[in-house]
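Notes for the one structure printed next.
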Amino acid sequence: MTPEGEPIPIACSLGAGSRAEGIDEWRALVTSSLGQREKRCCAFFDVAIGLGADSRTLSLTVPGGTEEALAALVVLLTS
């Protein structure tokens, strides 16, 4: 449902060119092995990607006592 309570149409609103680009992007996301490699390296990390209409969210969580490892990764990703 939309914020106004209307049903969301079950249809793709992309044109053929945009649809092809979207398919390429989905393939890149699905075949990306970054999350899998991170799990092999640091099995205690939980990795999730959230997709919104206008946003993408990467969530990394760790068990208590390992926050320092997560903080170090965040520093590497943001510097």
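Couple of notes before you dig in:
- Under the combined filter of DSSP loop state and at most 13 neighbouring Cβ atoms within 10 Å, segment 5-79 retains these chymotrypsin sites (Phe, Trp or Tyr not before Pro): F44.
- Charge dipole (the chain, unit charges on Cβ, about Cα centre) - positive-most of A20, G35, T61: G35
- Spin-label model, E4 to L58: label points 7 Å out along the Cα-to-beta-carbon direction sit 3.7 nm apart.
- Relative protection proxy for 68-74, 54-60, from highest mean packing down: 68-74, 54-60 (other beta-carbon atoms within 10 angstrom).
- Debye-sum result for the chain in log10 I(q)/I(0), which assumes one identical scatterer on each alpha carbon, at q = 0.15 Å⁻¹: -0.77
Every read-out reported here was derived from the displayed coordinates using simple, explicitly stated rules and does not represent laboratory data. What you are looking at is a predicted structure, and each value in this text was computed from that prediction instead of being measured. Neighbour counts are summed over all protein chains in view; Cβ atoms, including those assigned to glycine, are modelled from backbone coordinates with ideal geometry.
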